[in-house]
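See below for the structure under consideration.
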Amino acid sequence: MSYKVKLDVFEGPFDLLVYLIEHSRMSVYDIKVSEITTQYLEYIAEMKSRDVSVAQEFMVLAAELIELKSRMLLPRTEKEEEAGEEEDPRADLVSRILEYKQYKKIAAFLAEQADLESHVHTKPQEDLQAYAGESEELLKSDMAAFVKAFYGFLFRKQRIDEVRRVYERVERQRMSVENRISQIRDLFKDKKKVMFSEMIKEDTSPYNQVITFMSLLELLKEKAVTAEQKKRYGDITVKLVEEKE
């Protein structure tokens, strides 16, 4: 009856093979079969010298590596050369190694999740009916307190409605960038340059002044106007760019 024994950090033949490839800094897609086979057989021999029972799958993979090494050393026949490029003999081994590494990664992830779940403790459901309390009782209050509370509700509702109406009126008064750009263009009907201070002299709110500045940036982006500021914090001269025919 055969059984598996974990040898050092190697749980199987592919675990050992992957270790040898990575330790030798080889690419999985370009395995130096001769070198890896030699290292693999040396490890098997060392296991036997220590009287460690070698699992059958280790010997099976060793035989496969020896066969693959022989195929790599044999010269190509004339028929193979005439047929063109031959399939890499290592292709099947590379595919199996990549599949093994993928399963190894998934197994490590599942083991980590199982370890996390082991630290999660749940509390069984209990009957909380005893703490539910009594059924709702009727409101106990005199008529004067009830009327006072009702008038308080109406007063708060009236104040909220007033604030909402004022806010909506202010929002309607606020100008959009598109409308402000149209107004700025109207300033250039009779002249080719306008000072920025003239654009905002009638705008009393900071919001409208910001809208004017954003509109000016949009016109600069469209190359419809040019802007010049001769000194820091000085006024900005905005000139209209004449369209070429």
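Each label point was placed 7 Å from the Cα along the Cα-to-Cβ direction; for K193 and H119 their separation is 7.1 nm. Packing around the peptides 37-45, 229-237, 93-101, taken as the average count of other Cβ atoms within 10 Å per residue, puts them in this order, highest first: 37-45, 93-101, 229-237. Packing here is the average count of other Cβ atoms within 10 Å per residue, and on that basis the peptides 102-109, 211-218, 25-32, highest first, run 211-218, 25-32, 102-109. Approximating the spin labels as points 7 Å out from Cα along Cα→Cβ, the R232-to-E202 distance works out to 3.4 nm.
In plain terms, the chain from Y19 to V163 could stretch by 44.5 nm, reckoned as 0.36 nm per residue minus the Cα-Cα distance. Distance between the pseudo-spin-label points of Y131 and F155 (7 Å out from Cα toward the beta carbon): 4.0 nm.
A straight chain from E67 to D142 at 0.36 nm per residue would run longer than the Cα-Cα distance by 16.9 nm.
No lab work stands behind these numbers, since they all come straight from the coordinates. Keep in mind the model is a prediction, meaning the values are calculated, not measured. Reconstructed Cβ throughout: ideal geometry from the backbone, glycine too, with neighbour counts over all protein chains shown.
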